[in-house]
Amino acid sequence: MKLERTWMGLGAAASWLVLGCAAVGCSSDADTVAATGDEPVPVTDLIDVQVDTNRDGFVNDLDNEGEDVWDAAHGAAFLANLDDDNLDGIRDADDAVVNIDAMNQADRYDLATILLKASPDAPDGATAWLTIDALSMKHVRVFLKDATGAFTLVLGSDGPCGAGGDGTCPFWNHALELSVEQLRAGSELIIEGRRLVGLPDSTSVDPVTMQASDWTGLVTLEYAVLKDGKPHTTAESPEGIDRAVLRVAPWLMFGNSTPKFDTIFANTPSPIFVQGIEAATTAAGVNFWKVTNWQDHWTEDYFQTGFASMPWADGQVAGMRLAMPRPWGRSNTEASLPVNWLKESHLFGDSGYFVVYKKSFTGSTFDSHGNHDLFPPYAIDGGQSYPFGRIIHGSNILPETKKFYDAQLVQGPSLVVKTDWLIVGHVDEAFSYLPANNARGWKLMVGSPRLAKTMLEGWQKAGAGSALMFEGKKWSNGKLAQLSIDEVLADADIMQWSQDAQASIDAMVVTVKAEAGITDEEIVEIPYLFEAENYPGEGWLNVALNPGTVNMRYFNGYAVIPDPFGPKIDGEDGFKKDLNDRLGTGVSGLGADGKGIKVFYADDWDMYHRLLGEVHCGSNFEGVPQPEMTWWKAMQ
């Protein structure tokens, strides 16, 4: 059963959608007068291609300034059309259907408008030509609106080019010829991307060097008029050519600092784990999607969530949720690949997917998405600025995944930390990120065996050495897990493993301090110990002994944390009390107001902790394309 969601409340701005304008609005000269207060320029002999250069959601004469560049203030955007508005089970960029007609306006939000301005005084015998640059031809499709309101493919690629990773396709013409009648009347076209930048099939053949060249996502349109085989010029177009530049929207990863989420996923047969997640989502007023049609309960690991968007009227955005699957499944069968779940359950209107990996059943645990996250926004004086966050990942991910992240530009280049000292090898085993009332706007949560040991020693000194951790809990082999404080502190192996893990975490912290300018005051330690196992050829690798409480799910002011099952100190779980104080009060200055965040706990022991994971590993989140994340202002 597919989740049905609506997210774009355009209100009155949507009224023109049924009147014939495409995905970004178009307006008449009268509209321009209303907007500017100036008299319209009389329409005469024009060579004018228009796109939403000024990013106000309308295509009109105001877009002519700076239309041939892309910078902080100029340049139109368009989307890779990877959702499925007509619910045929095929991504819209891969089928031959334009979902714009009297009964279905869905693609109005997904395709960007190109206008060829009417030129009533064009000379007899003239013809017009619209071309796209050769490098972009494989990656886009342009449709021309006819007199009936239907759209016909006229530029770009045709057929299954890029569908399912297929890099081959028949090419459509890169140049469109228009008659003098069409030149005089003007034309409306719409453009869609067939893929995101940086994917393995996002290459073209450079027409000059004849070598494969990565597509940058920029598309150059040239509009020219010929008379008697020669360029026809005007005062405004002395070359006889008008140019406009567009860019395909990048994919933006969701992270803890994303302004708002509306859906939390979990796929688990554990009712007690579900109860912990559901308590928080109910309190937050967020939809809880209990995934029941997939065999993998590591919901964070098998797909990564994000979105793509383009500017819309009134400061809104049009766009879609886009998920990225892991390259391998839980068995060596095609049916186990996570992309199959996305095709079945995440492909519908305003929701789609894309594939980064070159080959199925490649990669390793490092390519599960607990090892991929988003560092919150930051800037360094005189250095790099990441206003919408920066992708962070651990060791040894597939090179094509890193290439894709970096190609998005806005949240890259990715920040890399060393995680191959861990059995599972995921960055979420050591780091999380929570909002804070400080200049940075957030603080880094860091797993701390050092703090856990100090707390245990303090309780022992106070006479609570016999208090039990993990009371009544069992490991997967049936062995009783409970240990007293005295037993843990006397266990030389646990103390050494925790010390080794602390050294590795400290090295991760050094990296992010150097990259992001993080200070000690911007770090909150989260206490838990580590154990280790000796893997042939790899040596001793670590995993959390206690439930790894930094491995939490945070959304919209709420955090769901693994129940630590700590020792009872004065009748209360000592680790839980510490977390409540550390995160849920003003002690650490967390939360937008500095008074703490809302803390909930989930019992993940049986389903996740004893299988080497925690709450973050067993859940996922997503939301609408975020209007606040105006990537076009940051991507140069």
| note | Taking first residues from the range 183-204 that are assigned by TED's automatic domain parsing to the domain that holds D124 and more than 26 Å from Q50 (Cα to Cα) and second residues anywhere that are among the aliphatic types (A, V, I, L, M) and assigned to a strand (DSSP E or B), the pairs with Cβ under 7 Å that are 6 or more apart or on different chains are T203/A212
| message | Criterion first (modelled with pLDDT of 95 or more, surrounded by fewer than 23 Cβ atoms within 10 Å (Cβ to Cβ), in contact with a Gly (Cβ under 9 Å, 6 or more places away or on another chain) and of a type in the set (S, T, Y)) does T220 satisfy it? | response | no
| request: Can you confirm whether the range 498-511 contains a residue that is modelled with pLDDT of 95 or more, surrounded by fewer than 17 Cβ atoms within 10 Å (Cβ to Cβ) and of a type in the set (V, I, T)? | output: yes
| note | Out of (1) in a loop (DSSP other than H, G, I, E, B); (2) surrounded by fewer than 23 Cβ atoms within 10 Å (Cβ to Cβ), the one D85 does not meet is (2)
| remark: Expected single match for without any contact (Cβ under 8 Å) to a residue 40 or more places away in the chain and either within 34 Å of the chain's Cα centre (by Cα) or part of a helix (DSSP H, G or I) (or both) among D406, D486, D428, D420 is D486
| query | Of the residues V180, V225, which is modelled with pLDDT of 90 or more, among the β-branched types (V, I, T) and farther than 18 Å from R243 by Cα? | reply | V180
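Evaluate the following for L409: is it among the aliphatic types (A, V, I, L, M) and out of contact with any strand residue (DSSP E or B) (no Cβ under 7 Å at 6 or more places or on another chain)? Before the answer, list the steps.
Numbers: among the aliphatic types (A, V, I, L, M): yes; out of contact with any strand residue (DSSP E or B) (no Cβ under 7 Å at 6 or more places or on another chain): yes.
Criteria met by L409.
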| So which residues in the range 124-169 are at pLDDT 90 or above, within 18 Å of A244 (Cα to Cα) and not in a strand (DSSP E or B)? | D133, S136, H139
| message | Looking at (1) among the basic types (K, R); (2) within 30 Å of A76 (Cα to Cα); (3) in a loop (DSSP other than H, G, I, E, B), which one does R330 not meet, given that it meets all the others? | response | (2)
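Per-residue answers, yes or no, for (1) of a type in the set (S, T, Y); (2) not in a helix (DSSP H, G or I):
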site	(1), (2)
S504	yes, no
K513	no, no
E525	no, yes
P547	no, yes
N551	no, yes
| request: Name every residue in the range 462-483 that is more than 15 Å from A452 (Cβ to Cβ) and either outside the structural domain of P449 (by TED's automatic domain parsing) or assigned to a helix (DSSP H, G or I) (or both), in order of residue number. | output: A462, G463
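Under the condition of being in contact (Cβ under 8 Å) with a residue 60 or more places away in the chain and not acidic (D, E), which residue from the range 393-403 is nearest to M253 (Cα to Cα)?
First pass over the range 393-403, keeping only residues in contact (Cβ under 8 Å) with a residue 60 or more places away in the chain: 398, 400, 403.
Still in the list and also not acidic (D, E): 398, 403.
Details: L398: 17, K403: 15 Å.
Here the residue is K403.
State all residues of the range 353-396 that are out of contact with any strand residue (DSSP E or B) (no Cβ under 7 Å at 6 or more places or on another chain) and within 29 Å of T519 (Cα to Cα); if no residue qualifies, say none. Don't jump to the end; show me each part of the working.
To start, the set of residues in the range 353-396 that are out of contact with any strand residue (DSSP E or B) (no Cβ under 7 Å at 6 or more places or on another chain) comprises 357-368, 370, 380-384, 387, 394-396.
Within the range 353-396, F366, G370, I380, D381, G382, G383, Q384, P387, G394, S395, N396 meet the criteria.
Wholly within the range 206-297, which strands (runs of 3 or more DSSP E) include no fewer than the required count, namely at least 1 residues that are of a type in the set (S, T, Y) and in the same structural domain as H616 (by TED's automatic domain parsing)? Quick ask: steps written out before the conclusion?
Details: elements: 212-214, 218-227, 241-248, 263-266, 287-290.
Passing ranges, in order: 263-266.
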| query | What is the one condition in (1) surrounded by 19 or more Cβ atoms within 10 Å (Cβ to Cβ); (2) modelled with pLDDT under 95 that S385 does not satisfy? | reply | (1)
| task | Could you identify the single residue in D593, D578 that is part of a loop (DSSP other than H, G, I, E, B), at pLDDT 95 or above and acidic (D, E)? | result | D593
| remark: Inside the range 523-548, the number of residues satisfying the requirement of being more than 31 Å from the chain's Cα centre (by Cα) and aliphatic (A, V, I, L, M) is 3
| Which one is modelled with the lowest pLDDT among residues in the range 300-325 that are surrounded by 24 or more Cβ atoms within 10 Å (Cβ to Cβ) and outside any strand (DSSP E or B)? | W312
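Pick from A467, A407, A452: which is under 30 Å from G594 (Cα atoms) and of a type in the set (A, V, I, L, M)? Give the steps one after another, and end with the answer.
Numbers: A467 fails: under 30 Å from G594 (Cα atoms); A407 fails: under 30 Å from G594 (Cα atoms).
Within the list A467, A407, A452, the selection yields A452.
The values are calculated or read from the model by the stated rules, or taken from the named source; none is laboratory data. Values in this document were obtained by computation on a predicted structure and should not be read as measured data. Reconstructed Cβ throughout: ideal geometry from the backbone, glycine too, with neighbour counts over all protein chains shown.
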